[in-house]
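**Student:** Starting off with a structure, shown below.
Bear in mind these aren't lab numbers, they're just calculated from the coordinates by the rules spelled out. Worth saying up front: this structure is predicted, and the values here are computed from it rather than measured. Cβ coordinates were reconstructed from backbone atoms using ideal geometry, including for glycine residues, and neighbour counts include every protein chain displayed.
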Ligand SMILES: [Zn+2]
């Protein structure tokens, strides 16, 4: 069988030949990738010369090329397509890849060379990026367990392998529950739903081979349904199904997986000398300790609770007209929308015709043109993995910067949420290699595809991540693009959201899909003045999830945890308002349990918001949202990847370390003075 992974790619920009890649190509490609990688590691450790930077650290940076390529293509396709063949490969290979990773990171001869070099680092003349790479490579080995004794190392490898399987199962269980459920709606069930929700529900029904309308568990459909449906009985059914993902007894139950995941993580932290997993994870972040995170979430939580009291009172006045004297969690979005319409005369359904997907994506592109000098050219000739995906060549003047893939719409099998990822990362260790970046969203597909303002912000958010990947200008693969500390990675994405709300952007790109008229100024003013509306709710639903995450990962004995009881008790302790649901409940909290990426790290969005609020103020202070000086300094941050310390990069951009004042002001949570 010819396997595209074993041939050079002659596609434009070396894009993966998506039209030829099939699920059955991955097992052999992974096997060869791992085998090649072990030969490369063997060559490093067998080198009779003493360790130096080139023969050890740079050689490591050069190793694993095929495995990296195969892993990137696979990881992206399983998330974006999620078909059964790919999912089977994922279940088979997650533990094998974890075992392979342990073989490299726990290799005693390899670690001996890295440690030897690290011990002599003061004597070596090195460029700043190389020095940082040596320190972070050494730290990576230590945090993987390379400095432990034999039995402890064996146990570390076992833990990694078991966790890989549990993470895969967790994510696939959520996907299963999202695919399995839909709420069929007849014409009579559509009360309150504006056209765009009806269109989205009709498209979802069509995709599932049904007549009429269906609500699915995609956030881009369930969120507007809960916001607009006048049928309280249907809102209750939909809401309860949404928050029950991952809780159904049987083969797809995530409740049983969580204590085991937490216990394995806690054991790993203890082996490495930390009392708690949260201590271990936070040690390698900007925040540094769980206490520092607790101070930030605590400050925001208290301010948001006060704010929610006012919001609840306003919503209850509206609900009273419907005969309700108390609200449930499936009522908040609905009455918030009613209050928003009456207080700000702002109707989401009236706004939406002005937010056409193509125009908002063009706004994101053109903002990057004005700030960073990039241009974007559609490349319909480049094959992609699905008909909805579009390819764009990105350049700066005559220079090719990267390839950008846009995968905007929800479909069955695609992972929920929105994310940026890469098929290839930038590096210039052996000649310039430019990146291939993808943005995934789950917008409801319709013609025209209309976005909510939140959807439009999400598009800008993910595109901010994409720019971090595209603009990357580093030497070493490990320092490329978004390979930064986890609580810094949301800064480029969140700061980019600010440019959507700039009046110049809205006037130019928020145009009615039928008439092409710009968003009326009065409507735009009401939209911007309503920005702080319902921020108490948004802050509470997010911060509660961040607190749950930290408390779960700071539990001393998680093996015995009853997750449902722990969730209930934690929310009661912090005074969670009964009418607000936590943004992600543990059984479907994929940030934490479908991988370890955001474990003890969901606070990162808030941490980065301190930076993005303070950071955008640089443009506000300059009196120009496109101020060339501030844009040039921000571009440097985006180009630097992990080649320098994040706080140093931030201070270089802003001139000083950030404070929380701008964040509280932007969320409308600042104390009245
Ligand atoms: Zn993000």
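**Student:** Multiplying the sequence separation of residue 621 and residue 158 by 0.36 nm and subtracting their Cα-Cα distance, what value in nm do you get?
**Tutor:** Value of the extension gain: 161.4 nm.
**Student:** Provide the FRET efficiency to the nearest 0.05 for the residue 88-residue 412 pair, computing r from the beta carbons and using R0 = 22 Å.
**Tutor:** Plugging the Cβ-Cβ distance into 1/(1 + (r/R0)^6) gives 0.80.
**Student:** If I stretch the segment between residue 149 and residue 572 completely, what's the gain in nm (0.36 nm per residue apart, minus their alpha carbon distance), one decimal?
**Tutor:** 148.0 nm
**Student:** Given the convex hull over the Cα atoms of the range 57-159, what projected area results after averaging over all orientations, in nm²?
**Tutor:** 7.9 nm²
**Student:** Quick one: give the max-minus-min coordinate of the C-alpha atoms of the range 356-529 along each principal axis, largest first, in Å.
**Tutor:** Per principal axis, max minus min of the Cα coordinates gives 54, 34, 32 Å.
**Student:** Let me ask something else. Could you check how many percent of all C-alpha pairs in the range 494-653 are farther apart than 19 Å?
**Tutor:** So the pairs more than 19 Å apart make up 68 percent of the total in the range 494-653.
**Student:** Suppose a student asked you for the relative contact order of the range 210-329, using Cα pairs under 8 Å spaced at least 6 residues apart; what percent would you report?
**Tutor:** RCO, the range 210-329: 9 percent.
**Student:** Tell me, what is the percent relative contact order of the range 181-242, built from C-alpha pairs under 8 Å that lie six or more residues apart?
**Tutor:** Answer for the range 181-242 is 38 percent.
**Student:** Rank these for me by crowding, 36, 381, going from fewest to most other beta carbons within 10 Å.
**Tutor:** Starting with the residue having the fewest Cβ neighbours, the order is 381, 36.
**Student:** Rounded to a whole number, what is D in µm²/s for the range 99-230 from Stokes-Einstein with the Kirkwood radius over alpha-carbon pairs (37 °C, 0.692 mPa s)?
**Tutor:** 168 µm²/s
**Student:** Answer rounded, prolate or oblate for the range 207-339, using the Cα gyration tensor with square roots of eigenvalues a ≥ b ≥ c: rounded when a/c is under 1.5, else prolate when a/b is larger than b/c, else oblate.
**Tutor:** Since a/c reaches 1.5 but b/c is at least a/b, the shape of the range 207-339 is classed as oblate.
**Student:** For helix 357-372, report the angle its Cα long axis makes with the longest principal axis of the Cα atoms of the chain; keep it between 0 and 90° and round to the nearest 10°.
**Tutor:** Once rounded, the angle reads 50 degrees.
**Student:** For residue 165 and residue 529, what does the FRET efficiency come to when R0 = 51 Å and r is the distance between their Cβ atoms, rounded to the nearest 0.05?
**Tutor:** Once rounded, the FRET efficiency stands at 0.50.
**Student:** What length, rounded to one decimal in nm, is gained on full extension from residue 289 through to residue 396, with 0.36 nm per residue of separation minus their alpha-carbon distance?
**Tutor:** This chain segment gains 34.5 nm when fully extended.
**Student:** For the Cα atoms of the chain, what angle does the longest principal axis make with the long axis of helix 26-45, in degrees from 0 to 90, nearest 10?
**Tutor:** Tilt relative to the chain: about 40 degrees.
**Student:** Could you please rank 149, 92, placing first whichever residue has the fewest other Cβ atoms within 10 Å of its Cβ?
**Tutor:** 149, 92
**Student:** Going by alpha carbons, how many degrees (0 to 90, nearest 10) lie between the helix axis of 257-271 and the longest principal axis of the chain?
**Tutor:** Long axis of 257-271 versus the principal axis of the chain: about 40 degrees.
**Student:** While we're on this one: So how do 399, 270 line up by other beta-carbon neighbours within 10 Å, fewest first?
**Tutor:** Listing 399, 270 from fewest to most nearby Cβ atoms yields 399, 270.
**Student:** To continue, here is another question. Given 10 Å bins starting at zero, what is the percent of C-alpha pairs of the range 162-280 in each, up to the one with the largest pair distance?
**Tutor:** 13, 33, 23, 17, 11, 3, 0
**Student:** Once you wrap a convex hull around the alpha carbon atoms of the chain, what is its projected area averaged over all directions, in nm²?
**Tutor:** For the chain, the mean projected area of the Cα convex hull comes to 30.2 nm².
**Student:** Okay, moving on. Can you give the Kirkwood hydrodynamic radius for the range 297-424, in Å, rounded to one decimal and based on Cα pairs?
**Tutor:** Taking the inverse mean of 1/r over all distinct Cα pairs, the range 297-424 comes out at 19.2 Å.
**Student:** To the nearest 500 deg cm²/dmol, what mean residue ellipticity at 222 nm is calculated for the chain from DSSP H runs of n ≥ 4 alone, each contributing -39,500 (n - 2.57), summed and divided by the residues?
**Tutor:** -17500 deg cm²/dmol
**Student:** What number in nm² do you get for the range 181-242 if you take the convex hull of its Cα atoms and divide its surface by four?
**Tutor:** The number I arrive at for the range 181-242 is 3.5 nm².
**Student:** Moving on. So what is the relative contact order of the range 356-529, in percent, for Cα pairs below 8 Å that sit 6 or more residues apart?
**Tutor:** It rounds to 20 percent for the range 356-529.
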